[in-house]
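The values are calculated or read from the model by the stated rules, or taken from the named source; none is laboratory data. The shown structure was predicted, so the numbers you read here are calculated from the model rather than taken from an experiment. Cβ placement follows ideal geometry from the backbone for every residue including glycine, while neighbour counts extend to all protein chains displayed.
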Amino acid sequence: MGEDGFLELRGVASRYGATQVLADIDLSIGKGEFVALLGSSGCGKTTLLRVLAGFISPSAGEVKVRHRDVTHLPPDRRGMALVFQSYALWPHMTVAQNIGYGLKLKGVARAGIAARVAEMQSLLGLDGLEGRKTSALSGGQRQRVALGRALAIDPEILLLDEPLSNLDARIRLSVRHELRALQRRLGITAIHVTHDREEAMVMADRIVILNAGEIAQQGTPEDVYNRPASAFVAAFMGAENVIALNGAPEGDRFMLAAGVANAACGVPLFGRPLVSGPVEARFRPEAARLCSADEVAAIGPGITFRGEVAAVSYPGGHWRHAVRVGDREIMADGARAFEPGAKVAVHVPADALFLFNSPAAAPAPTVSRTPSGKVYA
């Protein structure tokens, strides 16, 4: 992704009074890279973006661009531009005046402003709208004007504070791809704050997941989706189904003890640092294979839970079932609908099953093998 360490944060922390919002953030972003800061409300992602922009001074740490310390520089001397969630457009100004506003503040000549504004309008599909007030524009057009104003000053780094959240779902999908294509075309470095997992997945080169002011995991969209580093990350990336199990590592496998809804079995460790004891088994609804209880056979490596359908709905393309498994209720998708009360089996393939040691201590299970190799507890 170009130049390593183009934008660096080292030990960045931020406090509001006694509240620690960010703690020891270390992050290095390459030139031309698109990074998504992903997390739920209150995780610190917007505070981190504002520290980068210069609107908030960190209580500790430093921010560097091209190895130049910009930690205490004002926003207009950092080579960055921020697109706000609300767009923050001037309602009394025309499209052209809004796009050219930053250039006017920099003292650029009128002819230079006009040329740059025309360039931005052409780039963003706003030709013919230069004389309109922003109140007469659609949400997607306002978003483009805000983006044009940010890009007009030719920043090295583009900061995006949930700029798509005010768009309706249909427009948001198209603007995602437009924005990503534009970022690639310009080769600009972009940091995008969002709480939308899918948005981060389709737009970013790298996702940085924040939790309680710390980096929970960072990596490519494929990495964080398929190899979550913690139960929190797995849940945030859609693996919200959770069942408590017990097991113990044995060679390159983790042997799961029988439970109230599952037989004993073994699954590959996949390099996970699991220890003997209670584990959380997490998986996504779409990863499960749902069938009637009497249809279960040797489906393949993984684990099978037996339960009863509590409810069924059709979100489109598949049937989503709420299934009671022991004392829990999980969600599982199926190609056909099972009636409430139906006895079913939910099979989760080994590569879609995320196991994490439970925080609570518990005695390690006794896992053994019969002479035939069958596992029992």
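Note on the range 32-42: residues that are at pLDDT below 95 and either surrounded by 18 or more Cβ atoms within 10 Å (Cβ to Cβ) or not small (Gly, Ala, Ser) (or both) amount to 1. From the list GLY148, GLY131, GLY139, the one residue that fits, being within 17 Å of VAL83 (Cβ to Cβ) and surrounded by fewer than 22 Cβ atoms within 10 Å (Cβ to Cβ), is GLY139. Cβ-Cβ contacts under 7 Å between residues 6 or more apart (or on different chains), taken from a first residue in the range 12-34 that is more than 18 Å from THR71 (Cα to Cα) to a second residue that is among the hydroxyl-bearing types (Ser, Thr, Tyr) and crowded, with 16+ Cβ neighbours inside 10 Å, are listed as LYS31/THR189; GLY32/THR189; GLU33/THR189.
Residue count for the range 166-195 satisfying the condition of being outside any helix (DSSP H, G or I), surrounded by 15 or more Cβ atoms within 10 Å (Cβ to Cβ), at pLDDT 85 or above and not polar (S, T, N, Q): 6. Checking VAL323, VAL309, VAL296 one by one, the residue that is farther than 17 Å from ALA239 by Cβ and modelled with pLDDT of 95 or more is VAL309 and no other.
Every residue in the range 79-114 that is buried (at least 22 other Cβ atoms within 10 Å of the Cβ) and of a type in the set (S, T, N, Q), please. Selection gives ASN98 alone.
One residue stands out in the range 115-128 among those that are at negative phi and either in a loop (DSSP other than H, G, I, E, B) or acidic (Asp, Glu) (or both): the one that is surrounded by the fewest Cβ atoms within 10 Å (Cβ to Cβ), namely ASP127. Tell me yes or no: at least one residue of the range 242-257 is touching a Gly at 6+ places or on another chain (Cβ under 7 Å), part of a loop (DSSP other than H, G, I, E, B) and over 30 Å from VAL325 (Cβ atoms). Looking through the range 242-257, none of the residues is touching a Gly at 6+ places or on another chain (Cβ under 7 Å), part of a loop (DSSP other than H, G, I, E, B) and over 30 Å from VAL325 (Cβ atoms). Whenever a residue of the range 97-114 is farther than 17 Å from GLY79 by Cβ, its partners that are surrounded by fewer than 18 Cβ atoms within 10 Å (Cβ to Cβ) and of a type in the set (Val, Ile, Thr), lying with C-beta atoms within less than 9 angstrom and at least six residues away or across chains, give the pairs GLY100/VAL108.
If you take the residues of the range 266-293 that are on the phi < 0 side of the Ramachandran plot and free of Cβ contacts under 8 Å to residues at least 40 places away in the same chain, which of them is surrounded by the fewest Cβ atoms within 10 Å (Cβ to Cβ)? Spell out the reasoning first.
Just the residues of the range 266-293 that are on the phi < 0 side of the Ramachandran plot, to begin with: 266-269, 272-276, 278-293.
After this cut, where a residue has to be free of Cβ contacts under 8 Å to residues at least 40 places away in the same chain as well, the list is 269, 273.
Working: LEU269: 16, PRO273: 8.
The qualifying residue surrounded by the fewest Cβ atoms within 10 Å (Cβ to Cβ) is PRO273.
Note on the range 196-226: among residues that are surrounded by fewer than 18 Cβ atoms within 10 Å (Cβ to Cβ) and part of a loop (DSSP other than H, G, I, E, B), the one that is farthest from the chain's Cα centre (by Cα) is ALA212.
Being at pLDDT 95 or above and assigned by TED's automatic domain parsing to the domain that holds PHE305 is a property that does not hold for LEU210.
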